[in-house]
Amino acid sequence: MQFQNILFDLDGTLTDPKLGITQAVQYALSRFDIVENDLDKLEPFIGPPLAGSFAEYYGFSELDCKKAVEYYREYFSDRGLYENEVYVGILQLLQSLINQRRMLIVATSKPTVFAERIIQHFEMTPYFTHIYGSNLDGTRSDKGEIIRAIIEDNNLDKSQTVMIGDRKHDIIGAHKNDIASIAVEYGYGSHEELTVSKPTYIVKTVEELKNHFYEEVRMN
């Protein structure tokens, strides 16, 4: 099977956003008089919807989660967006997929407006047909909803569509929509997290991901 439609998660898959995201979370927590000096402890915030993470890891109420997301965005929209870097080999991977005439779409839980700015900043806009994310009011933040919107809006053939991501939410979202998935281990999901979610394929590196698609072409 050669996948014609390739959906990419953003954080932890296309780019390494650790510094910007964790410092934005750190800033938001400080507004609640919570001091967290170890940014490594905030890595679980990379990938999943923010409000749910504040609730899960800090026991915030629904109202405090909403406030925390607003504080997070104060920092992120000004600085955190750009405290980020594209993984080595990603641009070459994207170009090779375009050369193979595949359609590439970003599928992220990050608000679309932020995702678009990041993709543009790192000069990746030409590679992607569409960029889908969540809404600023917190709706459509579930990865399953985002993938469903992409499939329906673009009338995609599910059998020719694959979701690539580094967290269980990407794989679960793919399962919800009956499409294939590729879990990447170079991001922020642990091997256990990814294997338990049962992706169609697992790759360890960007190069291995690139080779996966080359092999598809060779087999077809």
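The values are calculated or read from the model by the stated rules, or taken from the named source; none is laboratory data. Bear in mind that the values here come from a model prediction, so they are computed numbers and not experimental data. Methodologically, a virtual Cβ is constructed for each residue, glycine included, from the backbone with ideal geometry; neighbour enumeration extends over all protein chains shown.
In this structure, does Ile146 turn out to be at pLDDT 95 or above, within 13 Å of the chain's Cα centre (by Cα) and in the same structural domain as Phe213 (by TED's automatic domain parsing)?
yes
Return yes when Asp64 is of a type in the set (D, E, K, R) and under 30 Å from Ser159 (Cα atoms) and no when it is not.
Spelling it out, it is not the case that Asp64 is of a type in the set (D, E, K, R) and under 30 Å from Ser159 (Cα atoms).
Mind listing just one residue for me: the one in the range 120-132 that is crowded, with 16+ Cβ neighbours inside 10 Å and within 19 Å of Glu85 (Cα to Cα) and, of those, nearest to the chain's Cα centre (by Cα)?
Step by step, filter the range 120-132, then rank; the result is Ile131.
Got a sec? Which helices (runs of 4 or more DSSP H) wholly within the range 53-143 have at least 3 residues that are more than 29 Å from Gln4 (Cβ to Cβ) and acidic (Asp, Glu)?
62-76
Is there any pair with a first residue in the range 99-111 that is assigned by TED's automatic domain parsing to the domain that holds Met124 and a second that is charged (D, E, K, R) and in a strand (DSSP E or B) whose Cβ atoms are under 6 Å apart and which are 6 or more apart or on different chains, and what are they?
none
Can you name the condition, by its number, that Ser197 falls short on among (1) buried (at least 18 other Cβ atoms within 10 Å of the Cβ); (2) farther than 24 Å from Asp40 by Cα?
(2)
Which condition number does Asp78 fail, the rest of (1) modelled with pLDDT under 95; (2) touching a His at 6+ places or on another chain (Cβ under 7 Å) being met?
Failed condition: (2).
For the range 53-73, indicate whether the set of residues that are under 26 Å from Thr125 (Cβ atoms), buried (at least 16 other Cβ atoms within 10 Å of the Cβ) and in contact with a strand residue (DSSP E or B) (Cβ under 6 Å, 6 or more places away or on another chain) is non-empty.
no
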